[in-house]
1. Does Ile82 satisfy being surrounded by 15 or more Cβ atoms within 10 Å (Cβ to Cβ), over 23 Å from the mean Cα position of the chain (by Cα) and not basic (Lys, Arg)?
2. Quick one: in the range 147-175, which of the residues that are surrounded by fewer than 21 Cβ atoms within 10 Å (Cβ to Cβ) and modelled with pLDDT under 95 is nearest to Glu71 (Cα to Cα)?
3. From the list Lys214, Lys229, Lys273, Lys252, which one is of a type in the set (D, E, K, R), at pLDDT 95 or above and on the phi > 0 side of the Ramachandran plot?
4. Write out, first by first residue and then by second, each pair whose Cβ atoms fall under 8 Å of each other, whose residues are 6+ apart or on separate chains, and whose first residue, in the range 220-249, is closer than 20 Å to Val34 by Cα while the second is more than 10 Å from the ligand (Cβ to nearest atom) and aromatic (Phe, Trp, Tyr).
5. On the basis of being surrounded by fewer than 16 Cβ atoms within 10 Å (Cβ to Cβ), over 24 Å from Leu175 (Cβ atoms) and within 16 Å of the ligand (Cβ to nearest atom), does Lys273 make the cut?
6. Anything in the range 276-298 that is touching a Ser or Thr at 6+ places or on another chain (Cβ under 6 Å) and either among the hydroxyl-bearing types (Ser, Thr, Tyr) or more than 8 Å from the ligand (Cβ to nearest atom) (or both)? List them, or say none.
7. For residues that are among the aliphatic types (A, V, I, L, M), closer than 17 Å to Ile105 by Cα and surrounded by 16 or more Cβ atoms within 10 Å (Cβ to Cβ), tally how many sit in the range 217-232.
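The values are calculated or read from the model by the stated rules, or taken from the named source; none is laboratory data. Quick caveat: nothing in here was measured; it's all calculated off a predicted structure. No Cβ is skipped: glycine too gets one built from the backbone with ideal geometry, and neighbour counts run over all protein chains shown.
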Amino acid sequence: MKHFFYVILLLIIFITNLNTLAQKNIAVLGTGYVGLIAGACFADFGNNVICADIIKEKIDTLNNGEIPIYEPGLKELVNKCIKNNNLKFTIDLEYAIKNSEIILIAVGTPMADNGQADLSAIKQVAEIIGKNLNNYKIICTKSTVPIGTGKLIKEIIKNLSNNINFDYLSNPEFLREGSALKDFLEPDRVIIGCESIHAYNIINEIYEPLINKKIPFLFTDVVTAETIKYASNSFLATKVSFINEIAELCEKIGANIELVAKGMGLDSRIGTKFLKPGPGFGGSCFPKDMQALIFLANNLGLNLKVLQASVEANEHQRELIINKLLNLLNYKIKNKKIGILGLAFKANTDDIRCSPSIDIIKKLLNLGAKINAYDPVAMNNTRKVLPNINYCQSAYEAIVNVDAILILTEWPEFMNLDLKIVGELVSNKIILDSRNILDSNTTRKFGFKFDNIGNA
Ligand code: UGA
């Protein structure tokens with residue numbers, strides 16, 4: 001009987017420990033891509049998550065079961081966690097902080113006019129955290145912040161926190177828009193920069209499902225973690241600029257860029273990913289992070305020549321697209337109607353920040369062209385920056401009576417266009433495919449004057 005009693009007691013202790021191990025109270029400050037995905041995934045791992053944001057409309061939208069951004073699978077996950085009662089949304093940052101043991105900072109760090117990252121939101125939340133630190137907490141930055149920002153955040157919190165103890169961590173996020181959930185749940189690695197073993201262990205607990213999947217975790221100091229994030233994005237962006245330059249070379253010498261990229265990528269030291277030529281990189285990360293790194297290096301008296309060249313090559317890529325279109329139109333573009341397919345900076349997102357499409361449309365408008373545009377999800381965002389172009393409800397509607405079609409985003413639906421119908425709808429059979437999604441031979445067979453990137 002006594003023996004039985006001890007077994008039950010041990011079982012109770014084990015179950016209680018299991019609960020404290022598995023369940024943490026987490027506040028996520030900022031409900032952009034990173035904050036929403038991290039919040040929903042950590043809630044799905046079994047933690048209690050409060051996502052807080054100062055923008056009331058965003059929180060109202062989320063509380064109504066809607067998602068302010070387009071991201072495949074996110075709505076379903078958020079609603080599942082809300083139903084399970086472990087994901088909440090609030091505009092009350094103080095409440096979220098006071099009721100959590102782990103605070104994830106996931107506010108935006110947009111690019112300021114001088115190329116520096118704008119840290120006003122970071123500083124603001126650091127102050128709110130400092131003023132509301134009611135007991136020991138772990139404060140972890142997930143936003144991409146310039147190298148050295150961790151030190152600043154720590155100082156701000158320390159100065160306001162009345163000597164209450166806290167640990168600070170940098171845990172940069174590597175998810176991509178459009179495949180954010182998969183990237184969060186199956187990352188190539190997790191980087192944790194901190195100076196406290198205790199904090200590292202606690203963070204490991206909330207990442208337990210990824211540790212169980214044997215995802216590599218790298219433990220570094222804070223400034224090294226911050227640098228890994230910037231160096232990774234800059235390297236990937238440089239890979240894109242590199243392949244775009246090789247594509248231009250391929251055109252001149254008659255090589256096939258797809259096969260060149262494939263042949264290079266088969267070397268495991270190079271790898272097949274991020275070798276797709278296109279209209280140049282865009283989005284809210286690569287252009288901003290490259291500028292921020294170059295700016296930081298300049299301030300330290302360093303000239304990052306490779307990164308600088310990669311940015312210049314990227315700007316050149318926009319010009320290249322314009323020149324190709326001009327060439328197809330025999331350099332007569334004034335009053336020509338161009339059917340633009342794709343506005344988002346890449347497929348599977350409604351994000352148009354630094355989108356090649358937006359830059360190119362602006363240049364075309366300056367040259368006197370008229371624009372019909374279609375994108376499956378990014379038209380509402382585009383209307384805010386380009387109110388005066390003609391938005392269409394389908395790809396086919398966007399190409400009616402146009403003088404040329406310009407494909408700028410690699411949406412799958414553009415790959416399956418019926419070229420016979422396309423030929424009947426347009427005024428001039430011209431297609432410029434800046435994402436290499438159409439087969440050039442087939443397109444030419446249907447009588448189109450055709451060009452893409454990297455093929456003679
Ligand atoms: C990028 C990184 O890939 C993520 O790891 C990182 O977490 C994220 O930035 C961030 O810092 O938040 P994202 O901006 O969502 O993710 O987009 P990517 O898929 O990386 O594409 C960036 C740009 O490069 C796009 O304009 C895309 O069209 C272009 N690209 C990408 C190419 O032109 N060719 C390629 O082969 C790959």
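1. yes
2. That would be Gly148.
3. On the way: Lys229 fails: on the phi > 0 side of the Ramachandran plot; Lys273 fails: on the phi > 0 side of the Ramachandran plot; Lys252 fails: on the phi > 0 side of the Ramachandran plot.
Sole residue among the options that is of a type in the set (D, E, K, R), at pLDDT 95 or above and on the phi > 0 side of the Ramachandran plot: Lys214.
4. The qualifying pairs are Val222/Tyr168.
5. Here the answer is no, as Lys273 does not meet what is asked.
6. Those that are touching a Ser or Thr at 6+ places or on another chain (Cβ under 6 Å) and either among the hydroxyl-bearing types (Ser, Thr, Tyr) or more than 8 Å from the ligand (Cβ to nearest atom) (or both): Met290, Leu293.
7. First, pick out the residues of the range 217-232 that are among the aliphatic types (A, V, I, L, M): 218, 222-223, 225, 228, 231.
Now restrict to residues that are closer than 17 Å to Ile105 by Cα: 222-223, 225.
In the following step, the residues that additionally are surrounded by 16 or more Cβ atoms within 10 Å (Cβ to Cβ) were identified as 222, 225.
Looking only at that region, the number is 2.
Table: residues versus (1) among the aliphatic types (A, V, I, L, M); (2) within 16 Å of the ligand (Cβ to nearest atom); (3) surrounded by 23 or more Cβ atoms within 10 Å (Cβ to Cβ); (4) modelled with pLDDT of 95 or more.
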| residue | (1), (2), (3), (4) |
| --- | --- |
| Ala309 | yes, no, no, yes |
| Asn314 | no, yes, yes, yes |
| Arg318 | no, yes, no, yes |
| Ile322 | yes, no, no, yes |
| Leu325 | yes, no, yes, yes |
| Leu386 | yes, no, no, yes |
| Ile389 | yes, no, no, yes |
